[in-house]
Amino acid sequence: MYLVTGCNGQLGSELRKILPDAIFADRHDLDITDADAVNRFVHDHGIDTIINCAAYTAVDRAESDVEMAKKVNVDGPHNLARAAKKIIHISTDYVFDGLGHRPYTPDDTPCPTSVYGQTKWDGERAVLDHAECAIIIRTAWLYSIHGNNFVKTMRKLGAEKESIGVVSDQVGTPTAASDLAAAIVKIIPQMNKSNRGIYHYTNAGVCSWYDLAVAVMDMSGLMCDVQPITTAQYPTPAARPAYSVLDKTKIIQTFGVIVPHWQRSLEKCLKQF
């Protein structure tokens, strides 16, 4: 039996569509920071595999809400990893400082520059330390028709404003939550102790936030003018990686997952609105 935590988020909502027989839990159903509650839930429901989509993702708020970020992003994964036979844990490009100039591989040493990034890295290590069969999937720039995300924000602003400024000096790759969900479903039956470890998954290609915003406007038929601005012009409490392109070679070669180009997946997603 599969358990999907964080089931009402972007990724959990997409998994619900393609894993109908799984058990889906949000924080009201299961407090992952409570080890006893996790153990009881896993035992009572006969859980074999956990897909942990639960996370504290308020990147800027985490800078001042450190304890809660640690509880959800470190203690929670630790509890799940100890309770489950197998676990797929979702992590982030924020474990890197973004000072590189080539796609980050799973073997590159993390160097987070934010509380969010640090807690996600600590969570990765907690999972690998305690689960016999563990897959860590780092992803980036996740979006979907669900929840709050950059793509939905751009559509809203594009319909309301004549012009907006978007950061152009942060480069990465958008990821459709539906594509990541499909990759996870393909990975689950292939999981074993020999392929445990860290993997990267985003869509293919590279762009800046500015490029993504322009693409959203064009594909949505919105006339809003998008102007490029620098990170310095849009200061935030938490530092963002300037370059966070992730190398997907390992996950493709190990599990044979499909990695569509970000533009194709974006167009597909926007047609659902």
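Summary table below
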{"item": "Failed item in (1) open to solvent by 20 Å² or more (accessible area, probe 1.4 Å); (2) under 22 Å from I251 (Cα atoms); (3) touching a residue at least 60 places away in the same chain (Cβ under 8 Å); (4) touching a helix residue (DSSP H, G or I) at 6+ places or on another chain (Cβ under 7 Å), with I88 passing the rest", "result": "(1)"}
{"item": "Search result, residues across the stretch 31-59 that are within 13 Å of P77 (Cβ to Cβ), free of Cβ contacts under 8 Å to residues at least 60 places away in the same chain and not in a strand (DSSP E or B)", "result": "I32, T33, A35, V38, C53, A54"}
{"item": "Condition met for V245 (crowded, with 20+ Cβ neighbours inside 10 Å and within 28 Å of I136 (Cα to Cα))", "result": "yes"}
{"item": "Pick from the stretch 171-195, criterion under 17 Å from the mean Cα position of the chain (by Cα) and not in a helix (DSSP H, G or I), ranking: farthest from S244 (Cα to Cα)", "result": "A176"}
{"item": "Matching residues in the stretch 201-214 - criterion: being open to solvent by less than 10 Å² (accessible area, probe 1.4 Å) and out of contact with any helix residue (DSSP H, G or I) (no Cβ under 6 Å at 6 or more places or on another chain)", "result": "T202, C207, S208, L212"}
{"item": "Count - residues of the stretch 94-117 that are surrounded by 15 or more Cβ atoms within 10 Å (Cβ to Cβ), part of a loop (DSSP other than H, G, I, E, B) and not β-branched (V, I, T)", "result": "11"}
{"item": "Matching residues, the stretch 250-265, being open to solvent by 30 Å² or more (accessible area, probe 1.4 Å) and either over 18 Å from the mean Cα position of the chain (by Cα) or farther than 30 Å from N195 by Cα (or both)", "result": "Q253, T254, G256, Q263, R264"}
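The values are calculated or read from the model by the stated rules, or taken from the named source; none is laboratory data. Owing to the predicted nature of the structure, the values given are computational and were not obtained by experimental measurement. Don't worry about glycine lacking a Cβ; one is built from the backbone with ideal geometry, like all the others, and counts go over all protein chains shown. Only protein heavy atoms, including side chains, enter the accessible area calculation; ligands, DNA and RNA are left aside. Shrake-Rupley method; radii C 1.70, N 1.55, O 1.52, S 1.80 Å.
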